[in-house]
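S.K.: Below is the structure I would like to discuss, written out as structure tokens.
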Amino acid sequence: MNKFIYYLSRVLSILIVCFFAMFILEGFGQGFGWQDSLMHGLLALVVLAATIISWKWPKIGGWIFIILGIRYLSGVFSSGWWWSLIIGGVPLITGILFLIQGFKNKKVI
């Protein structure tokens, strides 16, 4: 079970980075400017930094993912609660998995 949590948290974090990086291509569509691609790129870089931190220090990275998930949920929860829950819930679950792994690990930060 410990290996499952270890790999699932890492796979989910990579999928989150890929999900946000996919929206960089949105800037090539009609009605979108380079500013949209820049903002999505910055968001993907922030999540990538959180992923790198999480792999090194799971407790700190877990809290970062939880904060990112809560921040996303609080920002867009009024527009569509179902999609907001799915997109914001995955970082929350990822953060919880990193925290579980961090607390099961015997090394102190």
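Please treat every number below as a calculation from the coordinates, not as lab data. Nothing here was measured: the structure is a model prediction, and the numbers come from that model. So basically every Cβ, Gly included, is an ideal-geometry build from the backbone, and we count neighbours across all protein chains shown.
S.K.: Okay, helix-only estimate at 222 nm for the chain: each DSSP H run of n ≥ 4 adds -39500 (n - 2.57), divide by all residues, round to 500 deg cm²/dmol; what do you get? Don't jump to the answer; show the numbers that get you there.
M.R.: Numbers: 4 runs with 87 residues, N = 109.
Result for the chain, helices only: -28000 deg cm²/dmol.
S.K.: Ordered by residue, what ³J(HN,Hα) values in Hz, to whole numbers, does region 38-46 give under the Karplus form 6.51 cos²θ - 1.76 cosθ + 1.60, where θ = phi - 60° and Gly and Pro are x?
M.R.: 5, 5, 5, x, 5, 5, 5, 5, 5
S.K.: Now for a different question. Kindly express, to the nearest 10 degrees and within the range 0 to 90, the angle between helix 58-76's C-alpha long axis and the longest C-alpha principal axis of the chain.
M.R.: In the chain, helix 58-76 runs at an angle near 30 degrees to the longest axis.
S.K.: Can I ask one more? May I ask for the angle, rounded to the nearest 10°, between helix 81-104 and the longest principal axis of the chain, with both axes built from Cα atoms and the value confined to 0 to 90°?
M.R.: So the helix axis and the longest Cα principal axis differ by about 30 degrees.
S.K.: Which of Lys59, Lys3, Lys104 has the fewest other C-beta atoms within 10 Å, and how do the rest follow up to the most? Provide the component values of the computation, followed by the final result.
M.R.: On the way: Lys59 16, Lys3 7, Lys104 12.
The fewest-first ordering by Cβ neighbours comes to Lys3, Lys104, Lys59.
S.K.: Which option, [x] 47, 20, 20; [y] 30, 29, 25; [z] 51, 26, 21, is the value of Cα extents along the principal axes in Å that was calculated from these coordinates?
M.R.: Correct label, based on the coordinates given: [z].
S.K.: I would also like to ask the following. With θ set to phi - 60°, apply the Karplus curve 6.51 cos²θ - 1.76 cosθ + 1.60 along region 4-18 and write out the HN-Hα couplings as whole Hz, x wherever there is a Gly or Pro.
M.R.: Karplus values, whole Hz, x for Gly and Pro: 4, 5, 4, 6, 5, 5, 6, 5, 4, 5, 5, 5, 5, 4, 5.
S.K.: Sticking with this one: With a 10 Å radius around each residue's Cβ, average the other Cβ atoms per peptide and rank 83-91, 65-73, highest first. The partial results should precede the final answer.
M.R.: Values: 83-91: 15.8, 65-73: 18.0.
By packing density, highest mean first, the sequence is 65-73, 83-91.
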